[in-house]
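Q: This structure is in structure tokens; I'll ask about it shortly.
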Amino acid sequence: MTTIKPFATGLLLIGLAGCTTVAGSLPGTVEYAAATVSRAYDCGLRVDRSRIIARLDRQDRQRFVEANAGYAVKSYKAPHRCDASERERVQGEIGTLARR
């Protein structure tokens, strides 16, 4: 049993690292919002980007635009597909960002 616990912990850490890599930043940050918008485009979702930008603080808007452009370039070079559950999750996050 003791050898299984470190193995399971290792798998958990690898899984969490994957989540961080996908998002690229912490939830609640401008960079996370930009990554979410980029991921929504990857998933083929409609995004009202201007509405999301309008809801950001004035000083955060330029950071969002720059981060979003960076994610768009990365996505273009290595596009990723979405499964149904990820698409639903991203759609919910985009709705939340648009209502903020």
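Q: Of all residues being at pLDDT below 90 and farther than 11 Å from Val37 by Cα in the stretch 86-100, which is most open to solvent (accessible area, probe 1.4 Å)? Just the residue, please.
A: Arg99
Q: Cβ-Cβ under 6 Å, sequence separation 6+ or interchain: first residue in the stretch 44-58 and free of Cβ contacts under 8 Å to residues at least 24 places away in the same chain and under 19 Å from Gly28 (Cβ atoms), partner assigned to a helix (DSSP H, G or I) and open to solvent by 60 Å² or more (accessible area, probe 1.4 Å). Which pairs?
A: So the pair list comes out as Ile53/Arg61.
Q: Output the residue which, of all residues in the stretch 62-85 that are farther than 14 Å from Ala35 by Cα and modelled with pLDDT of 90 or more, is most open to solvent (accessible area, probe 1.4 Å).
A: Checking each candidate, the answer is Gln62.
Q: Scan the stretch 24-54 residue by residue and report those that are among the hydroxyl-bearing types (Ser, Thr, Tyr) and part of a helix (DSSP H, G or I).
A: Tyr32, Thr36, Ser38, Tyr41, Ser50
The values are calculated or read from the model by the stated rules, or taken from the named source; none is laboratory data. Just so you know, these numbers come straight off a predicted model, no measurement behind them. Virtual Cβ from ideal backbone geometry, glycine too; neighbours counted across all protein chains shown. Note: accessible area is taken over every heavy atom of the protein model, side chains too, but ligands, DNA and RNA are not part of it. Shrake-Rupley method; radii C 1.70, N 1.55, O 1.52, S 1.80 Å.
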